[in-house]
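So the structure is just underneath, and the comments pick up after that.
The values are calculated or read from the model by the stated rules, or taken from the named source; none is laboratory data. Being a predicted model, the structure only gives us computed values, none of them experimental. Because the Cβ atoms are built from the backbone with ideal geometry, glycine has one as well, and the counts that use them run over all protein chains shown. Remember, those area values only see protein heavy atoms, side chains included, never the ligands or the DNA or RNA. Shrake-Rupley method; radii C 1.70, N 1.55, O 1.52, S 1.80 Å.
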Amino acid sequence: MRRAALAALVANIGIVLTGGIVRVTASGLGCPDWPACSGTSVVPAGSDLGWHSAVEFGNRLLSFVVLAAAVWVVVAVRREAADRTDLRRLAWAQPAGVVGQAALGGVTVLTGLHPLVVAAHFLASMGLVAAAVVLVDRAGGWAPDRVAGLRAATGAIVVAAGAVLVLGTLVTGSGPHAGDVGTVRLGLDIRTIAVAHADAVWVLVGLTVAVLAVAVGTGAARARRAATILLAVEVAQGGLGYLQYALGVPPLPVIVHILGAAVVWSAAWHLAVVVRPSRHQSAAADDRTSARHETADALVPPA
């Protein structure tokens with residue numbers, strides 16, 4: 001079950017990466033129609049767009065890999081954890097999300113890669129990534145760290161990470177990589193929106209440092225490791241962001257930055273999950289506590 005969830009996570013991040021490649025290579029309309037690629041042809045045969053068609057069509061084909069991983073998740077959860085409502089919901093979110101993403105991808109093409117639709121397409125993938133992360137962690141069977149205050153703080157980290165993603169899509173919608181040479185832009189001042197995006201990143205880093213300090217001080221080992229990982233990828237992603245801005249937003253750093261966004265988002269959700277027990281985990285912990293108390297009471301001799 002955990003392997004299936006990991007496969008879904010990797011597949012969802014993979015299609016985010018290939019979507020970024022489609023965008024920076026101006027291949028977003030390499031298949032100008034949907035669901036067919038061009039006219040009535042499902043494949044890009046006969047298209048005059050050349051390699052751009054191959055790039056876009058390859059991204060469409062990867063959707064079937066993501067769907068296969070999503071189906072594997074559902075089958076694995078039904079087989080191994082049929083009594084876990086939380087895992088079943090997370091599992092079914094994968095194929096439902098993939099189908100929804102396919103339809104939204106069609107809207108993206110049919111609207112000529114409108115930046116707001118492209119942003120929605122990206123953020124929907126981030127939703128699937130988050131669900132996959134939660135499923136991976138909850139399928140692991142470990143006990144979450146229970147430290148007062150960490151749940152609220154890690155929730156704030158997820159919110160801040162979400163704000164970073166949204167602002168990042170606005171930067172993208174105002175920047176040079178539109179997915180096609182004729183695509184409209186949002187018209188926002190690129191410097192202003194980029195500064196807002198960077199400020200949100202600094203807020204995220206500050207929250208992560210605070211959570212890491214609390215985790216170290218309270219001995220919450222899992223939270224400490226998760227916060228350390230998140231802080232490391234935040235620093236790398238932030239440095240890359242400043243670098244690509246200074247270089248004039250060249251294509252290769254943009255592709256890596258898109259991958260980094262998915263990794264930061266995954267790490268933020270991982271940190272949030274390690275301090276949040278599911279209802280199943282809470283019930284199991286309560287049962288263990290009750291059993292220990294009953295055992296202790298049995299060892300006490302009667303008065």
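Measure off 7 Å from each Cα along the Cα-to-Cβ vector at residue 62 and residue 243, then give the distance between these two points in nanometres to one decimal.
Modelled inter-label distance: 2.1 nm.
Got a sec? What order do 234, 80 fall in by accessible area at 1.4 Å, biggest, i.e. largest, first?
On the way: 234 10, 80 100 Å².
The most accessible residue leads, giving 80, 234.
Calculate how large, on average over all directions, the projected area of the Cα convex hull of region 1-125 is; give the answer in nm² to one decimal.
7.6
When the chain is treated as a GNM, springs tying every alpha-carbon pair under 10 Å, which of 260, 30, 206 comes out with the largest mean-square fluctuation?
In the Gaussian network model the winner is 206.
Determine the gain in length on full extension of the stretch residue 166-residue 85; use 0.36 nm per residue of separation and subtract their C-alpha separation, reporting nm with one decimal.
Value of the extension gain: 26.1 nm.
Rank 126, 1 by accessible area, highest first, at a 1.4 Å probe radius?
1, 126
Can you give the Rg/Rh ratio of the chain, where Rg is from the C-alpha atoms and Rh is the Kirkwood radius?
Ratio of gyration radius to Kirkwood radius: 1.06.
Which of rounded, prolate, oblate describes region 106-226, given a ≥ b ≥ c as roots of the alpha-carbon gyration tensor eigenvalues and a/c under 1.5 marking rounded, otherwise prolate only if a/b is larger than b/c?
The shape class here is oblate.
Assigning unit charges at the beta carbon (Lys, Arg +1; Asp, Glu -1) and nothing else, what dipole magnitude in debye, to the nearest 20, does the chain show about its Cα centre?
Numbers: 21 positive and 16 negative charges, 120 e Å.
Dipole magnitude for the chain comes out near 580 debye.
Full-extension gain between residue 156 and residue 42, please, as 0.36 nm times their residue separation minus the C-alpha to C-alpha distance. Walk me through the numbers before you get to the answer.
Values: separation 114, 0.36 × 114 = 41.04 nm, distance 4.43 nm.
Computed gain between residue 156 and residue 42 is 36.6 nm.
Please give the net charge around residue 172, taking every other residue with its beta carbon less than 12 angstrom from that of residue 172, where Lys and Arg add +1 and Asp and Glu add -1.
Around residue 172, the surrounding residues sum to +2.
Which angle between 0 and 90 degrees, to the nearest 10, do you get for helix 190-218 versus the longest principal axis of the chain when only C-alpha atoms count?
Result, in degrees: 20.
Give me the accessible area of residue 257, 1.4 Å probe, in Å² rounded to the nearest 10.
Roughly 30 Å² of residue 257 is accessible to a 1.4 Å probe.
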